[in-house]
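S.K.: Let me begin by handing over the structure; questions about it come next.
What follows is calculated from the coordinates using simple rules that are stated; it is not laboratory data. Computed from a predicted structure; not experimentally measured. Don't worry about glycine lacking a Cβ; one is built from the backbone with ideal geometry, like all the others, and counts go over all protein chains shown.
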Amino acid sequence: MHTMTRTDSPHITRQGTFLISCSIWEPNPATHSSVPETSPNDAQPNGTRIRPPEPPSHMREAMTVRKKNRRHPYAKPPRKREQKPVVTPVQLCIVAILTTALFAGGAIFLKITSASAFNITTQHDLQLFADFQKFHFSMNGICIGDQGESIRNDGLPSSIDLPDYTLSKGVSITIVAGSPEDPYNPNNPFTMQAKHKRAATVYEYSFATDTIIER
């Protein structure tokens, strides 16, 4: 590609009586190459092809395909330094008070629950022994045991000998009133009391009322 410069030179033609000045374009010596223009298909005598001249820089920039920016690998943001919690003496006192209250409440709850379980066991054993005494009286006409005697499973020896009859662990039953020959006497009914060694409640059964009451 050649850059042309414009120069004005007079050129006289016969157009009637007019002189016409024509513009003649001449190549610019600064940008004009002495290499003759050739086509890529023009072959040399030795069979090689001539490489076409490179375009100017402004054209190369326009022809260059803009490359996409490469994606940088994901970088995790730096971890923030964790701040340690500051515990004040007031907070420590509150935690200590709450912990103490929690343990105390748990101990009281367990004690009440355990006492309730022991009391239920005691009532159950007393009712079973009362039913056994009534059955024995209906079969033999007499109850087992005299006033002051007891059957026990609380670690102390029993004064009523019943090898085949066993109370729950910790329970003892004592005959406190009445005659074994006349257990239904309204003035002096046959009466028994039961207690668990790990509970303070005493339960009483009377043949006259056929009920268990709490003493």
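S.K.: Hey, could you get me the Stokes-Einstein D for segment 92-214, Kirkwood radius over alpha-carbon pairs, 37 °C and 0.692 mPa s, rounded to whole µm² s⁻¹?
M.R.: Details: Rh = 16.0 Å.
The diffusion coefficient I find is 205 µm²/s.
S.K.: Subtract the Cα-Cα distance of residue 211 and residue 197 from 0.36 nm times their separation in residues, and report this length gain in nm to one decimal.
M.R.: Working: separation 14, 0.36 × 14 = 5.04 nm, distance 2.22 nm.
Net length gain for the segment: 2.8 nm.
S.K.: Give me 205, 184 sorted ascending by neighbouring Cβ count inside 10 Å, so fewest comes first.
M.R.: Values: 205 23, 184 13.
By the 10 Å Cβ count, ascending: 184, 205.
S.K.: Quick one: order 179, 172 by neighbouring beta-carbon count within 10 Å, fewest to most. Spell out each step's value before the answer.
M.R.: Values: 179 14, 172 20.
By the 10 Å Cβ count, ascending: 179, 172.
S.K.: If you don't mind, there's one more thing I want to ask. With label points built 7 Å along Cα→Cβ from the Cα atoms of residue 156 and residue 99, find their separation and express it in nm.
M.R.: Reported label-point gap for residue 156 and residue 99 is 4.2 nm.
S.K.: Which of 181, 149, 54, 204 comes first, and how do the rest follow, when ranked by fewest Cβ neighbours within 10 Å? All intermediate terms of the calculation are to be shown ahead of the outcome.
M.R.: On the way: 181 11, 149 15, 54 8, 204 18.
In order of increasing Cβ crowding within 10 Å: 54, 181, 149, 204.
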